[in-house]
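S.K.: To start, I am sharing the structure in question, which I have written as structure tokens.
Please treat every number below as a calculation from the coordinates, not as lab data. Just so you know, these numbers come straight off a predicted model, no measurement behind them. Reconstructed Cβ throughout: ideal geometry from the backbone, glycine too, with neighbour counts over all protein chains shown.
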Amino acid sequence: MAYPKRDRKENTNPEGTNAAPAAPQVPPVAAPQVIGASGGAPTLPSVTPVAAHNAMRQVWGATGTAPAYERTFQRTQLGADPGVVAESLRKYWDGASGAGDKTPLPVPSTIPLPQAQEYLKSLSTEMKARLDAKLQTLPPEALQRSHFWRMYQQYPEQAATLMARRLWTNQMVGKGPVADWMKWLG
């Protein structure tokens, strides 16, 4: 069934129209005036690089470290550090471990690894026996002050192994470049 036909009438509903409503008119807003920035760090007078370099040299000279400033200036400006030795530093300590010592340093071991491990195990056992004997002779206040003896009381096997490894390492590096360097440092 069809709807009955009616005559079209004018739409009097203002909300149902397709025309957009008019926006209210607002007067234009003027941009605020910006006042120049003030305050902050003081401006320095224009300084030439030479004047700045001379001023820095004078300040560093007052601290007594003028050579350090010269080295720093050359490194930053020229890209090269005049304080670095171009050749090996080993020449400074080469042979220091054997130079005039009354007691010669131990010689590195030449035994193979399995024998070295067995030797380290026996050395650790012997070190534990000696440390146990020393522990019995120490007074109680010395045991409380010493970090090593407190550690030894808690972990005797590990401390003995630590001391044995240190002794073994000292024996291994007693001669050669490492020993020379350590002697030169000491």
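S.K.: In Å, what Kirkwood hydrodynamic radius results for the range 109-178 from the alpha-carbon pair distances?
M.R.: 13.4
S.K.: Then there's this: Got a sec? How would TYR152, TYR3 order by Cβ neighbour count within 10 Å, fewest to most?
M.R.: Fewest-to-most ranking of TYR152, TYR3: TYR3, TYR152.
S.K.: Right, something else. What is the fewest-to-most order of SER46, SER124 by other Cβ atoms lying within 10 Å of their Cβ?
M.R.: SER46, SER124
S.K.: Using the number of other C-beta atoms within 10 angstrom as an exposure proxy, rank ASP180, ASP7, ASP132 with the fewest first.
M.R.: ASP7, ASP132, ASP180
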